[in-house]
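Please read the structure below before turning to the comments.
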Amino acid sequence: MIAAAPSAAADRAVKSPGAGASGLPVPRFVSLSSDKVNMRAGPGVRYPIAWVYRRKGTPLIVTAEFEYWRKVRDASGTEGWMHRSLLSGRRMAVVQGKIAVLRRDASTSATPLLRAEPGVLARLQACQRGWCRLAFGDREGWLRRDDIFGALPNEDFQ
């Protein structure tokens with residue numbers, strides 16, 4: 001990863017919880033809108049490319065905003081800046097940690113439907129009370145929120 005000296009623009013980026021420059025909440029999850037997306041060391045094309053992502057739908061958390069640029073972090077902790085046009089509001093999640101069991105309902109006693117390995121992407125449909133409903137292709141079910149990267153710790157939505 002390439003390190004760059006801090007800039008005045010990066011220092012002025014919105015970093016606190018609440019609404020960002022876009023009017024949307026920060027932090028929030030987004031996903032990559034293309035199969036090839038550059039992450040930059042700072043908020044602008046003059047900053048060097050620090051990382052190249054090659055997987056559409058990869059979930060990222062927006063941690064700051066500066067004009068049309070979003071500071072994002074991926075599941076492994078890598079941080080950098082991306083232009084807003086490269087990001088989508090479509091909610092996605094990636095299985096992390098260990099093999100996770102997708103269940104029919106939001107309960108450890110619910111019928112298991114499938115096992116998902118770390119790194120598998122899924123469409124995030126809802127989260128409530130520590131569980132998230134995901135779609136892996138045509139299969140839908142529930143995983144514990146702790147088994148995914150793609151939802152904030154106390155975020156509930158339908």
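Nothing in this text is a laboratory measurement; each read-out follows from the coordinates by a stated rule. Worth saying up front: this structure is predicted, and the values here are computed from it rather than measured. So basically every Cβ, Gly included, is an ideal-geometry build from the backbone, and we count neighbours across all protein chains shown.
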Note to self: Tell me the Rg and the Dmax, in Å, that the Cα atoms of the range 93-149 produce.
What the structure shows: 9.6, 25
Next item on the list: Determine ³J(HN,Hα), in whole Hz, for all residues of the range 69-81 in sequence, where each value follows from phi through the Karplus function 6.51 cos²θ - 1.76 cosθ + 1.60 and θ = phi - 60°; x replaces Gly and Pro.
Entry: 10, 10, 7, 10, 9, 9, 4, 8, x, 5, 10, x, 10
Margin query: Can you tell me the length gained on complete extension of the stretch Leu114 to Ala19, counting 0.36 nm per residue apart and subtracting the Cα distance?
Written below: 30.4 nm
Item checked: Placed amide H near Met39: partners under 5 Å, 5+ positions off or other chain -> Ala50, Trp51, Val52, Tyr53
Item checked: In the range 55-132, the chymotrypsin sites (Phe, Trp or Tyr not before Pro) that fall in loop regions by DSSP, at most 13 other Cβ within 10 Å -> Tyr68
Checklist line | Normalised alpha carbon radius of gyration of the chain [divisor 2.2 N^0.38 Å] | finding: 1.09
Next item on the list: Enter the Cα centre distance for the pair the range 16-38 and the range 95-158, rounded to the nearest angstrom.
Entry: 22 Å
Next item on the list: Please list, in chain and number order, the residues 5+ apart from Ala21 or on another chain whose amide H is under 5 Å from its amide H, with Hs placed from the backbone.
Entry: Val14, Glu65
Check: Which of Pro43, Pro118, Pro27 moves the most in a Gaussian network model of the chain with Cα springs under 10 Å?
Finding: Pro118
Next item on the list: May I ask you to list the aspartates and glutamates whose Cα is less than 18 Å away from that of Lys98, ignoring any residue fewer than eight positions away on the same chain?
Entry: Asp74, Glu117, Asp146, Asp147
Item checked: Cut-off under 5 Å, modelled amide H: who pairs with Leu87 long-range -> Ser33
Next item on the list: Arrange Asp138, Asp105, Asp74 by Cβ neighbour counts within 10 Å, fewest through most, would you?
Entry: Asp138, Asp105, Asp74
Next item on the list: Please turn the phi angles of the range 94-104 into ³J(HN,Hα) values with the Karplus equation 6.51 cos²θ - 1.76 cosθ + 1.60 (θ = phi - 60°), one per residue in order, whole Hz, x for glycine and proline.
Entry: 10, 5, 9, x, 9, 4, 10, 9, 7, 10, 4
Notebook entry, point to check: Sorted from fewest to most neighbouring beta carbons within 10 Å, what does the list Ser88, Ser76 look like?
Noted result: Ser76, Ser88
Checklist line | Choice from Arg129, Arg103, Arg145 showing the highest fluctuation, given a GNM over the chain with Cα pairs closer than 10 Å | finding: Arg129
Note to self: Just to be sure I understand: with springs between alpha-carbon atoms less than 10 Å apart, which residue in Arg46, Arg28, Arg54 has the highest mean-square fluctuation in the Gaussian network model of the chain?
What the structure shows: Arg46
